[in-house]
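The values are calculated or read from the model by the stated rules, or taken from the named source; none is laboratory data. On a predicted model such as this, the values are computed, not experimentally measured, just so you know. Positions of Cβ are generated from backbone atoms using ideal geometry, with glycine treated the same way; all protein chains shown enter the neighbour counts. When the accessible area is computed, the model is the full protein with side chains, heavy atoms only, and any ligands, DNA or RNA have been set aside. Shrake-Rupley method; radii C 1.70, N 1.55, O 1.52, S 1.80 Å.
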Amino acid sequence: MSVDYDLVVIGMGASAHKLVNLAAQRKARVAWVWNQVNDSYLNIAQINYILQLLKTKVGDRPKSERLKLSAQQIPSILHNFCHEEMQEILQKNGVDVIVGACQFQNQEKNSYILEVSETSLSALSHETSQRSLSSRAYAIANDTPTPLRKIFGLADHNYITAHQLLHLQDLPNSIAVLGDDPDTCAIAQSLNFLGVKTSLITNSSHVLPNIDVAIARTLQAQLEAEGVEVYTSTQVTAVSKIEQDRSRIWLNNTTIDCDRLLVTSDPKEFDYPSDRHIYQCRNDQDIAKIVHQTLQTSLWQSAASAKVPEITYVSTTPPLAQIGTTEVLARLKYKQVYVLDSDVENGLCKIICDRQGQILGASMFGNRAQLVIEAIAIAMQGKVKIQDIGVLQELRITEQWTEIHRNHAQTAKLKDWFTFRRDWNL
């Protein structure tokens, strides 16, 4: 049975556009189903970008004026995110852009069928038509939802998402943000800068629990210094509405009141069957896997897929980036690790390597975080040792490695010498 497409991408998450472009460049037949277009839907990367633009536009004004000015600027910035123009560009590149709600139907001869209630992008509330799509592979590319434990009252939708926040008539005077992931931290910092009294609430011991502890705590200290109220090791037990749609949040043994409660991404998931031809696509590693397994150019041979080091990037100011393992995990896995760190302006750089200088992981909080971590990613992929990476010289990391390695070598020689004398009683 023939199929319509080589790849159908479902969703408008931050990774969707990148995957669609890569597939189109390989001359594959691609369809992109926009299943969340409502009120000019924006993914989390676009929302963060808009907030960064707002910070640039109002940054020279007193904090007391930024809230009102930001609300005035948002409509014109949103207008620049024109989905009709993006749809036209994609279609010129051979991509079929299909707008509408969709769901998988029963499998037919080793291929699932995707049923789409197609609508016109310029008239979303008017006529719809049914369309059936078949493909060799499907990729679900929605934004990662904010993981939420069961909270009494939250199911009544006493919260807004980051997308809904930008479509409010006015930004709130105060907001409580639930979560501790990279997007949540960046959004909380931006809102605080724009003049919104911001609380960041997490049940972890610090923000960004998957980031190296020292680096994550450096960012947390920065947020607190800027005025963000950070609640760590805090359980949200209940949420309720009070006067004028304000929210009351029960935290451990206390409560806080705020104008709005923010959950970065809606925790609703797209329902899809379990099948080896249906992939989740949420980061660069997922994209590399999908391209390798579904868009290979030889029928009989499949070139080995180069492992792409996954970089976690946090678009705060200054930014934060990490690749590979953390110090805690490295010490659990390896017998001997070297930890190199360097203070940078308003931040910290930390690199984990083995005794030969092979890099196991790196984290950095500072203005050059993305550049440094991307250079380290290339080095890790090419198995370049830490002493041979030029970009680290100005951070004095290579000098530190030389000194530590020399000291360890000297210590090992002394230890061997005294062991020899004890064994032979010399």
Inset, instruction - Tell me which label goes with the value of P(r) over Cα pairs in 20 Å bins from 0, in percent computed from the coordinates here: (i) 26, 57, 16, 1, 0; (ii) 18, 36, 29, 13, 4, 1; (iii) 22, 49, 25, 4, 0. - result: (iii)
Legend entry - Using alpha-carbon coordinates, inclination of helix 63-80 to the longest axis of the chain, degrees: 60
Legend entry - Inter-centroid distance (Cα atoms) of segment 268-286 relative to segment 81-99, Å: 22
Legend entry - Accessible surface of LEU166 - all protein chains present, 1.4 Å probe, nearest 10 Å²: 10
Legend entry - Sequence-separation-based contact order of segment 99-241, relative, with Cα cut under 8 Å and 6+ spacing, percent: 18
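So, for the chain, what is the accessible surface per residue at a probe of 1.4 Å, expressed in square angstrom?
Per-residue value: 53 Å².
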Legend entry - Expected 222 nm ellipticity per residue - DSSP helices of 4 or more, -39500 (n - 2.57), all of the chain, to 500: -10500 deg cm²/dmol
Legend entry - segment 171-268: antiparallel DSSP beta bridges as a percent of all, rounded to 5: 45
Legend entry - Solvent-accessible ranking of HIS17, HIS83, largest area first, probe 1.4 Å: HIS17, HIS83
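Relative contact order of the chain: what whole-number percent is it, with Cα pairs under 8 angstrom and at least 6 residues apart?
With pairs under 8 Å counted, the relative contact order is 14 percent.
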Inset, instruction - Answer with one residue from ASN425, THR128, ALA14: the one whose Cα lies farthest towards the positive end of the charge dipole of the chain, charges on Cβ with Lys, Arg +1 and Asp, Glu -1. - result: ASN425
